[in-house]
């Protein structure tokens, strides 16, 4: 499911979790959890918003109440030594 940034501003409930997800180490996208539902954040044309960095993504949510924020990226050691047999282990870093 997806939700626009404008729709997020108009929600009565705060965002429980904002996940800022690294996309191939270059761009970031945002996923939010409101209650039990997860959404990918889109623009007014239903396109996924790509942010230039984790800080830019977090700043885009300054006007929206967010309880917890986490940056999710592939673990650097996986990229340096090769893919583990069990698949990627994303690294989750909480932000304040």
What's the total number of residues in segment 45-63 that are surrounded by fewer than 16 Cβ atoms within 10 Å (Cβ to Cβ) and either within 15 Å of residue 15 (Cβ to Cβ) or touching a helix residue (DSSP H, G or I) at 6+ places or on another chain (Cβ under 6 Å) (or both)? 3
Output the residue which, of all residues in segment 14-29 that are touching a helix residue (DSSP H, G or I) at 6+ places or on another chain (Cβ under 8 Å) and within 11 Å of residue 70 (Cβ to Cβ), is surrounded by the fewest Cβ atoms within 10 Å (Cβ to Cβ). 18
Residues of segment 22-31 that turn out to be assigned to a strand (DSSP E or B) and either free of Cβ contacts under 8 Å to residues at least 40 places away in the same chain or within 16 Å of residue 61 (Cβ to Cβ) (or both), as a count: 6
If you go through segment 32-44 one residue at a time, do you hit one that is touching a strand residue (DSSP E or B) at 6+ places or on another chain (Cβ under 7 Å), touching a residue at least 40 places away in the same chain (Cβ under 8 Å) and closer than 14 Å to residue 8 by Cβ? yes
Which numbered condition residue 64 fails, given (1) closer than 17 Å to residue 4 by Cβ; (2) in a strand (DSSP E or B); (3) in contact (Cβ under 8 Å) with a residue 24 or more places away in the chain: (2)
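Every number in this text was worked out from the coordinates using simple rules, so none of it is lab data. Because the structure is predicted, anything quoted here is derived from the model rather than measured. Glycine gets a Cβ as well: all are built from the backbone with ideal geometry, and neighbour counts include every protein chain shown.
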